[in-house]
1. Looking at the structure I just gave you, is residue 73 under 26 Å from residue 145 (Cα atoms), out of contact with any helix residue (DSSP H, G or I) (no Cβ under 8 Å at 6 or more places or on another chain) and not in a strand (DSSP E or B)?
2. Within the group 137, 112, which residue is touching a helix residue (DSSP H, G or I) at 6+ places or on another chain (Cβ under 9 Å) and touching a residue at least 40 places away in the same chain (Cβ under 8 Å)?
3. Mind checking whether some residue in the range 41-62 is touching a helix residue (DSSP H, G or I) at 6+ places or on another chain (Cβ under 7 Å), part of a helix (DSSP H, G or I), more than 22 Å from residue 104 (Cβ to Cβ) and modelled with pLDDT of 95 or more?
4. Exactly one of (1) closer than 15 Å to residue 66 by Cα; (2) free of Cβ contacts under 8 Å to residues at least 12 places away in the same chain is unmet by residue 91. Its number?
5. Counting only residues that are in contact (Cβ under 8 Å) with a residue 60 or more places away in the chain and surrounded by 15 or more Cβ atoms within 10 Å (Cβ to Cβ), which one in the range 119-130 is nearest to residue 57 (Cα to Cα)?
6. Scan 68, 74 and give me the residue that is buried (at least 16 other Cβ atoms within 10 Å of the Cβ) and out of contact with any strand residue (DSSP E or B) (no Cβ under 6 Å at 6 or more places or on another chain).
7. Need the failing condition index for residue 32 against (1) closer than 14 Å to residue 118 by Cβ; (2) in a helix (DSSP H, G or I); (3) out of contact with any strand residue (DSSP E or B) (no Cβ under 8 Å at 6 or more places or on another chain), just the number.
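The values are calculated or read from the model by the stated rules, or taken from the named source; none is laboratory data. All figures in this text were calculated on a predicted structure; none of them were measured in a lab. Neighbour counts run over all protein chains shown; Cβ positions are idealised from the backbone, glycine included.
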């Protein structure tokens, strides 16, 4: 009985071990197309949006600026520069939202942010950080588009 159990255990190990190798499922072509390093990661620009210093009391003006903000997000996504954006719930630190850009430098990211009416007007301000994350992150956008019933 002991021999049968050891034999079965040996077979089980042979079946499971190939699935545990680092190469299992690896696609060099996909990794290269996404700019992945050996860990499947790459650098991005992470932007933390906070409440800006401007106070605009005209509600129509604020609405127009945020409409432009949303349109700018759409343009940056279409240009494959912005891969993640979203607001935060109300919080005491006045964090408003985040962006993750595919850009390589803070300077390039700042240039893109200058086209955002809500940032340009001072309603929002942006802090930019280098961020190391999964190179597969851009693959999120096509899937999101397939489940987004209402577009902003």
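1. Yes.
2. Answer to the selection: 137.
3. Taking every residue of the range 41-62 in turn, none turns out to be touching a helix residue (DSSP H, G or I) at 6+ places or on another chain (Cβ under 7 Å), part of a helix (DSSP H, G or I), more than 22 Å from residue 104 (Cβ to Cβ) and modelled with pLDDT of 95 or more.
4. If we test residue 91 against (1) closer than 15 Å to residue 66 by Cα; (2) free of Cβ contacts under 8 Å to residues at least 12 places away in the same chain, just (1) comes out false.
5. Among them, the one singled out is 123.
6. 68
7. Unmet for residue 32, out of (1) closer than 14 Å to residue 118 by Cβ; (2) in a helix (DSSP H, G or I); (3) out of contact with any strand residue (DSSP E or B) (no Cβ under 8 Å at 6 or more places or on another chain): (1).
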